[in-house]
1. If I filter region 309-323 for residues that are in a loop (DSSP other than H, G, I, E, B), surrounded by 14 or more Cβ atoms within 10 Å (Cβ to Cβ) and outside the structural domain of residue 264 (by TED's automatic domain parsing), do I get at least one hit?
2. So which of 114, 119 is within 24 Å of residue 199 (Cβ to Cβ), surrounded by 15 or more Cβ atoms within 10 Å (Cβ to Cβ) and free of Cβ contacts under 8 Å to residues at least 12 places away in the same chain?
3. Quick check on residue 352: is it exposed (fewer than 11 other Cβ atoms within 10 Å of the Cβ), in contact with a strand residue (DSSP E or B) (Cβ under 9 Å, 6 or more places away or on another chain) and either touching a residue at least 60 places away in the same chain (Cβ under 8 Å) or outside the structural domain of residue 260 (by TED's automatic domain parsing) (or both)?
4. So, residue 222, is that one assigned to a helix (DSSP H, G or I), modelled with pLDDT of 95 or more and not assigned by TED's automatic domain parsing to the domain that holds residue 117 or not?
5. Can we say residue 121 is out of contact with any strand residue (DSSP E or B) (no Cβ under 7 Å at 6 or more places or on another chain), within 19 Å of residue 218 (Cβ to Cβ) and at pLDDT 95 or above?
6. Exactly one of (1) outside any helix (DSSP H, G or I); (2) within 15 Å of the chain's Cα centre (by Cα); (3) under 18 Å from residue 97 (Cα atoms) is unmet by residue 202. Its number?
7. Is at least one residue of region 172-194 outside any helix (DSSP H, G or I) and either surrounded by 18 or more Cβ atoms within 10 Å (Cβ to Cβ) or out of contact with any strand residue (DSSP E or B) (no Cβ under 6 Å at 6 or more places or on another chain) (or both)?
8. For region 298-308, enumerate the residues that are out of contact with any strand residue (DSSP E or B) (no Cβ under 6 Å at 6 or more places or on another chain) and exposed (fewer than 15 other Cβ atoms within 10 Å of the Cβ).
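The values are calculated or read from the model by the stated rules, or taken from the named source; none is laboratory data. Note that the structure is predicted; figures quoted are calculated from it, not measured. Neighbour counts are summed over all protein chains in view; Cβ atoms, including those assigned to glycine, are modelled from backbone coordinates with ideal geometry.
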């Protein structure tokens, strides 16, 4: 596709978000809202969002992680350490619906951008901080990154319990993405509340507390009770046998979970009597109690046929199964091809790019990318003009360094 469709029919059309976030967590949240039609104004410092530098790129500052986390946005460069840069931001805030940031609140206060300051300008502003830790505890001022949150939330330790090896990180920025998702849904909830109250508010979305809730929802287990019923941990998820199963020629993912699925597997193998007679298979509870032995048996069974054979026969008896894709085979997945999940776009500076379709499907107001990921400062001129600045004022701001733009836009 050569251009992004207009956002006229999208659910958040008419909503403006001032996005003072960088790296992954905040930008992911605002990209989701931008895909729903919100006008997301990404405010970048003169040095730009550091994630622009991650990964291979055709042009400096336009790396793939940035491209895939900042579509559906406009970019303005402001130096908030200057009076003119800060004044421009406050002028944008005056007409905005939502303000999102992901530095520590202490830094926002030093910049004179605490909630109280912005609420005086716009009492309806929904002021959302996405950062490391809740502000009423001793970690309040600490820096936080995804790796730290995986470790602190018990996620890394779960690998040690399930493998017998050292703690490990998930090879994805899962804490950033999960917290970004929670931030996006929190923002939407705040918008609905404001429709009733007419009032804005400050909202903090801390990574640590968000991830602790996310992980312990599975693993609190017997620790949910007082006194505890066990030492915590969901046995099936922590079993060493919970992994893709080796087949005769590769690997397959299969989850035999319900009574019906287990009976179907044993019937397929001609061992239905054995299923009825083995008390370990009697119920979900007994299977969970003996999960290591159960998974060892599944591993032995699945090693007897090829991956294609298992995908075929398991599919016929409605046992959930999937191939183990890698970063090459995923693009050949028949389902993703049929649903058009992968597409292409012509980016004005980066050329032809592969795109990912929005995950959800809506019958009327389908979220979709409304803009390409912007060059740094690509929209500085138009955003400042919308805010009422004259061309002479804009030229002076650019000359002083309080605002910035791309070279091509500076000469426009």
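1. no
2. Criteria check complete, one pass: 114.
3. It is true that residue 352 is exposed (fewer than 11 other Cβ atoms within 10 Å of the Cβ), in contact with a strand residue (DSSP E or B) (Cβ under 9 Å, 6 or more places away or on another chain) and either touching a residue at least 60 places away in the same chain (Cβ under 8 Å) or outside the structural domain of residue 260 (by TED's automatic domain parsing) (or both).
4. yes
5. no
6. (2)
7. Just the residues of region 172-194 that are outside any helix (DSSP H, G or I), to begin with: 172-173.
When the remaining residues are screened for being either surrounded by 18 or more Cβ atoms within 10 Å (Cβ to Cβ) or out of contact with any strand residue (DSSP E or B) (no Cβ under 6 Å at 6 or more places or on another chain) (or both), the result is 172-173.
Yes; the residues of region 172-194 include at least one that is outside any helix (DSSP H, G or I) and either surrounded by 18 or more Cβ atoms within 10 Å (Cβ to Cβ) or out of contact with any strand residue (DSSP E or B) (no Cβ under 6 Å at 6 or more places or on another chain) (or both).
8. 300, 304, 306, 308
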